[in-house]
Amino acid sequence: MKSLLCTLICLILVAANTHTCYSRTVLSESTGEPVIYASVGVINRNLGTVTDTLGNFSLKIPTEFINDSIRISSVGYLPKTFAVKDINSIPDTIFLADDIIMLSEVVVKPQRIKHKTAGRKGAGGFIYIEIEGNRAAGQGLATPLKVKDRAWLKELGFTIMTEGRPLSKMKFRVNVYRKEDNGYILQNFKPIYFDYDKSRLVNGLFIYKFPEEIMLDEGDYYVELEFLENFSNEYFIMRSKPLTGQTRYRYASQSDWETMPFGAPIYIEYDSAE
């Protein structure tokens with residue numbers, strides 16, 4: 001009897017820590033084409049990923065999340081939400097309906113503007129910020145930006161450590177979130193993608209200039225650098241100092257924002273009309 005009881009306890013403990021892997025494909029309802037880099041994750045949990053270039057994703061979900069929900073979203077599409085407990089009934093192919101993408105208003109810049117920088121250009125310090133490569137897809141680092149009147153985003157840059165095996169290539173997406181009543185909401189702008197290559201680093205600094213300036217109206221924003229791929233045997237490490245900024249961090253697609261008590265060396269150059 002004692003042996004049976006121990007066996008049952010062991011089985012319960014194992015079951016409580018099991019993961020089930022789910023794989024699905026996300027397509028556009030209107031075109032049937034893959035929805036690439038769609039955000040997939042358990043809402044407000046540090047568990048998520050993005051779809052690949054074929055619209056496929058795989059997600060290991062622990063049984064402890066049985067009462068949570070999964071959201072699949074992408075700019076230009078209406079999101080879909082499913083209960084984790086109902087995931088076995090979700091079809092292998094998930095279709096997302098089109099949504100309207102916001103078009104930037106054409107506004108002539110005033111003659112008197114200020115050139116500003118949000119975030120940190122400096123990369124010195126003794127604290128290390130490292131992105132976990134095998135879970136990088138869907139993770140994001142964001143710089144807060146307060147716009148008093150109107151702003152035009154011009155450039156994004158970041159500095160990483162180049163010792164050892166620095167990350168060689170990565171597909172990034174720039175996301176803009178605006179503060180609203182229920183938190184920071186992703187703005188439905190046309191997606192901005194760029195390719196990072198370590199050959200373009202200058203003393204560890206990588207610079208991306210926006211092909212078109214992004215205009216923002218008055219408000220509080222997060223401008224996010226989102227990883228779209230996993231990686232292995234390489235490192236993406238930033239050096240920082242305590243109390244040098246308020247970098248926001250998102251550990252997975254659909255997860256909550258967290259505030260770091262130090263600033264990642266990520267910056268945004270912009271013009272400001274004030």
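The values are calculated or read from the model by the stated rules, or taken from the named source; none is laboratory data. All of these numbers come straight from a predicted model, not from anything done at the bench. Quick reminder, even Gly has a Cβ in these numbers, built from the backbone with ideal geometry, and neighbours come from all protein chains shown. For the accessible areas, the whole protein counts, side chains as well, though only heavy atoms, and no ligand, DNA or RNA atoms are used. Shrake-Rupley method; radii C 1.70, N 1.55, O 1.52, S 1.80 Å.
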Inset, instruction - Return only the number of the condition from (1) in a loop (DSSP other than H, G, I, E, B); (2) among the hydrophobic types (A, V, I, L, M, F, W, C); (3) exposed (fewer than 14 other Cβ atoms within 10 Å of the Cβ) that residue 161 does not satisfy. - result: (3)
Inset, instruction - Using the structure shown, decide if residue 229 is crowded, with 18+ Cβ neighbours inside 10 Å and among the acidic types (Asp, Glu). - result: no
Inset, instruction - Evaluate the stretch 43-64: report whether one residue or more is farther than 26 Å from residue 190 by Cα and among the small types (Gly, Ala, Ser). - result: no
Legend entry - Residues of the stretch 197-239 satisfying the condition of being assigned to a strand (DSSP E or B), farther than 26 Å from residue 44 by Cβ and not aliphatic (A, V, I, L, M): 197, 206, 208, 209, 210, 211, 212, 213, 217, 218, 235, 239
Inset, instruction - Among the candidates 88, 44, 17, single out the residue that is within 20 Å of the chain's Cα centre (by Cα), farther than 19 Å from residue 173 by Cα, at pLDDT below 95 and not basic (Lys, Arg). - result: 44
Legend entry - Count - residues of the stretch 82-94 that are closer than 18 Å to residue 49 by Cα and open to solvent by 80 Å² or more (accessible area, probe 1.4 Å): 1
Legend entry - Extreme residue, farthest from residue 174 (Cα to Cα), among residues of the stretch 51-75 that are buried (at least 16 other Cβ atoms within 10 Å of the Cβ) and of a type in the set (Gly, Ala, Ser): 69
Legend entry - Identity of the residue in the stretch 23-50, among the small types (Gly, Ala, Ser) and out of contact with any Ser or Thr (no Cβ under 7 Å at 6 or more places or on another chain), that ends up least open to solvent (accessible area, probe 1.4 Å): 28
Inset, instruction - For residue 182, indicate whether it is in contact with a helix residue (DSSP H, G or I) (Cβ under 8 Å, 6 or more places away or on another chain) and open to solvent by 70 Å² or more (accessible area, probe 1.4 Å). - result: no
